[in-house]
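For reference, the structure is listed below as structure tokens.
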Amino acid sequence: MNRNDLNERIKTSNKIVIKIGSARLAGSEEEVNDFLFSLVSDIRHLRDLGKQVILVSSGAIARGRKLLATLPNSAEAGESLPEKQALAAMGQNRLVNLYDSFFSKVNLPIAQILFGVLDMENPEGFKNLKNTFGQLLDWGILPIVNENDSVATEEVKFGDNDVLSAIVSLIVEADLLIILTGVEGFLKDGKLLPFLEEVGKSELSQAGGPSGPGTGGMYTKLKAASIASEAGIPCGIIDGNRKNCVREFIETNTLGTLVVSNGKKKHFTEEEIKSILRAKRNGGQE
Ligand code: GLU
């Protein structure tokens, strides 16, 4: 696809999934506020253009940890599953309240969707999830998705929200997935790679693991991009610290790394989506 067609494709994307990692929401109050002001104004702009937006946001565990630290006599939480699940339970409502306090200022109503791998295994669960997304988008509500961390078990977890955001993109049949990260994009041999047609072993071997409060790293971002790209959904991995990065990326397509295959957008059946998830679980993190 030539550069102009590609820019046009990104610019005219109608249904956009944006993934936000814990690091964007775990800094000082000032940093988090700055990030949210910029995000909210970009999303309001996209909505004014008639586009549909879905957010996949991490940060429940990180916000829970912050809350625990402010409580008198509270023990410090470690990294065990029960501790992280309890932190997620404490932090998820705060996370959504935080989003609500920002999005309500620009008159964008939000809704929370929490789900896990097991909900998708159940045919009714999958159908209902898809219908809920459809109904919310029809009503002009902004869905904010996270994994239902407090009930998931290690064996049946998406684990990282990068892959969750790719799965959500398949379910809602998005036109574009944007993953916000803390670096410029994917660095290959130390240099930013602006385009990638296929995520291969050599790219994965150069992608690092998590460096902050989240679970993923560049590795899981590339994995997510390759899942989206199999369905013909372009995926931009861009620097979320940059002001108005979402709008700039969509308008100019000059930021970060764009993973995009030649293929047209393809409908993935329920079975196909589930088999991607099963393969991920069986294959683990390689
Ligand atoms: N679902 C986890 C949370 O909200 C984050 C998983 C991840 O880091 O991707 O804290």
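The values are calculated or read from the model by the stated rules, or taken from the named source; none is laboratory data. For clarity, every value in this text was computed on a predicted model and none was experimentally measured. Positions of Cβ are backbone-derived with ideal geometry, glycine not excepted, and every protein chain shown enters the neighbour counts.
Among (1) at pLDDT 90 or above; (2) hydrophobic (A, V, I, L, M, F, W, C); (3) crowded, with 18+ Cβ neighbours inside 10 Å, there is one condition Phe195 misses while meeting the rest; what is its number? Unmet condition: (3).
Test Asn148 against the criterion of being exposed (fewer than 14 other Cβ atoms within 10 Å of the Cβ), without any contact (Cβ under 8 Å) to a residue 60 or more places away in the chain and polar (S, T, N, Q), and give yes or no. Step through it out loud before you land on a result.
Details: exposed (fewer than 14 other Cβ atoms within 10 Å of the Cβ): no; without any contact (Cβ under 8 Å) to a residue 60 or more places away in the chain: yes; polar (S, T, N, Q): yes.
So Asn148 does not fit the description; no.
The sole residue among Gly91, Gly78 that is within 12 Å of the ligand (Cβ to nearest atom) and of a type in the set (Gly, Ala, Ser) is Gly91. Taking the listed residues Val151, Val172, the one that is among the β-branched types (Val, Ile, Thr), at pLDDT 85 or above and away from the ligand (no atom under 16 Å from the Cβ) is Val172, with no other qualifying.
For Leu87, indicate whether it is in a loop (DSSP other than H, G, I, E, B), over 17 Å from Ser165 (Cα atoms) and touching a helix residue (DSSP H, G or I) at 6+ places or on another chain (Cβ under 7 Å). So Leu87 fails the test. Tally time: how many residues in the stretch 1-33 are within 16 Å of the ligand (Cβ to nearest atom), touching a Pro at 6+ places or on another chain (Cβ under 7 Å) and part of a helix (DSSP H, G or I)? Residues that pass the stated criteria total 2.
How many residues does the stretch 43-67 hold that are more than 14 Å from the ligand (Cβ to nearest atom) and touching a strand residue (DSSP E or B) at 6+ places or on another chain (Cβ under 9 Å)?
First, the residues of the stretch 43-67 that are more than 14 Å from the ligand (Cβ to nearest atom): 43-54.
From what's left, touching a strand residue (DSSP E or B) at 6+ places or on another chain (Cβ under 9 Å): 43, 46-47, 51-54.
So the answer is 7.
Every condition in (1) buried (at least 20 other Cβ atoms within 10 Å of the Cβ); (2) not in a helix (DSSP H, G or I) holds for Val163 except the one numbered (2).
Counting residues in the stretch 97-120 that are within 11 Å of the ligand (Cβ to nearest atom), assigned to a helix (DSSP H, G or I) and in contact with a helix residue (DSSP H, G or I) (Cβ under 8 Å, 6 or more places away or on another chain) gives zero.
Condition first: over 19 Å from Leu180 (Cβ atoms) and either touching a Leu at 6+ places or on another chain (Cβ under 8 Å) or at pLDDT below 90 (or both). Now tell me which residues in the stretch 49-66 satisfy that.
Gly64, Arg65 - these are the residues of the stretch 49-66 that are over 19 Å from Leu180 (Cβ atoms) and either touching a Leu at 6+ places or on another chain (Cβ under 8 Å) or at pLDDT below 90 (or both).
Residues in the stretch 217-252 that are under 18 Å from Leu192 (Cα atoms), assigned to a loop (DSSP other than H, G, I, E, B) and within 16 Å of the chain's Cα centre (by Cα): Gly217, Pro234, Gly240, Asn241.
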